[in-house]
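The values are calculated or read from the model by the stated rules, or taken from the named source; none is laboratory data. All of these numbers come straight from a predicted model, not from anything done at the bench. Please note: Cβ atoms are built from the backbone with ideal geometry, for glycine as well, and neighbour counts cover all protein chains shown.
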Amino acid sequence: MHLSYCPSMSDSQPLLRTLAIETSCDETAVAVLDGDGRLEANELSSQIAAHAPYGGVVPELASREHLKALPVLVERARNAAMGDIGLVAVTNGPGLVGALLVGVRFAAAYAWARGLPLVAVDHLHGHLVSPFLDLEGGAARPMPDRTLALVASGGHSSWYLLADGEAHRLGRTRDDAAGESFDKVAQVLGLPYPGGPAVDRLARRGDASAVTLPRPRIEGAPADFSFSGLKSATVRFIRDNDLGGVGADDPPSVALDLLASFELAVVDQLLKPAPALVAEHRPRIIAASGGVAANTLLRSRMLALGEGLDLEVVLPPVALTTDNAAMIGRAGQLAHASGAVTDPRRLDARARRSWQPPGMRKLSAAEGVR
Ligand code: KG4
Ligand code: ZN
């Protein structure tokens, strides 16, 4: 993937104050960043409550909620901005096409009406720059060339080498994304949606060595991994032990042990390729991003990995691991500084056919949506 950023330029000169919009899935997010990538506004309206009764994201509902929330959040963010907006950045894919279109059309109209430049941002590019943002009022850190970056979210699980303005994918999941497997296991146990945070919380009370779960490797592709066998084995254990729907309030200790063992297996799968990738590609730092980078065990294992390899590890603040507009704004201003610009009259959403929002597979079998 071409990242269209120029590392040396982003190091030296301030960029344009940026209004950023992200509506790719179930969070409406708007941010304003100053030219140094300092957050002046970081607004988020979660749709979790709207989708929760259905156990997953309902695309039509997502679009409707974005339509309601977006003007309010933009107004709030503009009021918090410390100066004139010079650039508009918007996620144009991948994601739910209807949800993306709400943000894309809003951003295009906003930019066109004010004569502002517009940049379209790939959602993944946003996650990749998120570790370099600061939530405490500091400027964004320049992204060093040769960063080894893990993105683990509800839609992606891949390792990249960021070098010369390009993201070179080095390894990837062959089936489910890591976040998807957290969501599925949580759903079968009757934990609240999305599952990652609930599993994280409960796993802290379990024994991760209690249940043996598979950690398959892909023959001939040592940097790739798989979660579907692990997910199926975990679901089978839940059924065999009559743990379906136990819920988060008072789960038996065997459920806590299972969650701790499952979480450890996911983290092992994600991190296993790292030492060999470091040896081969000699990165300057290691970074992680995406919703799963909020996970307590993944964060501590990443830091330990860096210590063992004598490499700095950069993690986003937990609040910027899941979808947000600050990361889209930063990716947009870096792209714009290296010449990227989008015609507001031509910008369209770029859904990806293979992309499924978290929980969607279950929904296809669920009752209709009212
Ligand atoms: O990056 P994100 O907000 O959306 C996508 O781009 O997909 O990631 C959402 C995913 C969900 O699957 C959610 O369950 C997972 O991130 N997640 C976590 C944690 N917090 C969120 N997974 C494990 N541990 C967490 N603490
Ligand atoms: Zn995301």
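Below, the figures for the structure above:
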item	result
Among the candidates A248, A255, residue that is under 24 Å from S153 (Cα atoms), surrounded by fewer than 18 Cβ atoms within 10 Å (Cβ to Cβ) and in contact (Cβ under 8 Å) with a residue 40 or more places away in the chain	A248
Criterion (touching a helix residue (DSSP H, G or I) at 6+ places or on another chain (Cβ under 6 Å) and within 30 Å of L189 (Cα to Cα)) met by exactly one of V102, V57, V90, V121	V57
Strands (runs of 3 or more DSSP E) wholly inside region 20-101 that include at least 1 residues being surrounded by fewer than 21 Cβ atoms within 10 Å (Cβ to Cβ) and within 16 Å of ligand 2 (Cβ to nearest atom)	39-46, 87-93
Region 30-49, residues that are within 20 Å of the chain's Cα centre (by Cα) and of a type in the set (G, A, S)	A31, G37, A41, S45, S46, A49
Among the candidates A139, A177, residue that is of a type outside the set (D, E, K, R), within 15 Å of ligand 2 (Cβ to nearest atom) and out of contact with any helix residue (DSSP H, G or I) (no Cβ under 7 Å at 6 or more places or on another chain)	A177
A331 being under 17 Å from the mean Cα position of the chain (by Cα), within 16 Å of ligand 1 (Cβ to nearest atom), hydrophobic (A, V, I, L, M, F, W, C) and not assigned by TED's automatic domain parsing to the domain that holds V188	yes
Selected residue [within 28 Å of V318 (Cα to Cα), within 16 Å of ligand 2 (Cβ to nearest atom) and basic (K, R)] from R205, R172, R201	R172
In region 195-221, residue modelled with the highest pLDDT [restricted to those that are of a type in the set (D, E) and assigned to a loop (DSSP other than H, G, I, E, B)]	D207
Filtered residue count, region 153-163, keeping only those that are in contact with a strand residue (DSSP E or B) (Cβ under 9 Å, 6 or more places away or on another chain) and crowded, with 21+ Cβ neighbours inside 10 Å	7
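Table: residues versus (1) surrounded by 18 or more Cβ atoms within 10 Å (Cβ to Cβ); (2) outside any loop (DSSP other than H, G, I, E, B); (3) within 15 Å of ligand 1 (Cβ to nearest atom).
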position: A120; (1), (2), (3): yes, yes, no
position: G138; (1), (2), (3): no, no, no
position: P142; (1), (2), (3): no, no, no
position: V151; (1), (2), (3): yes, yes, yes
position: S181; (1), (2), (3): yes, yes, yes
position: L191; (1), (2), (3): yes, no, yes
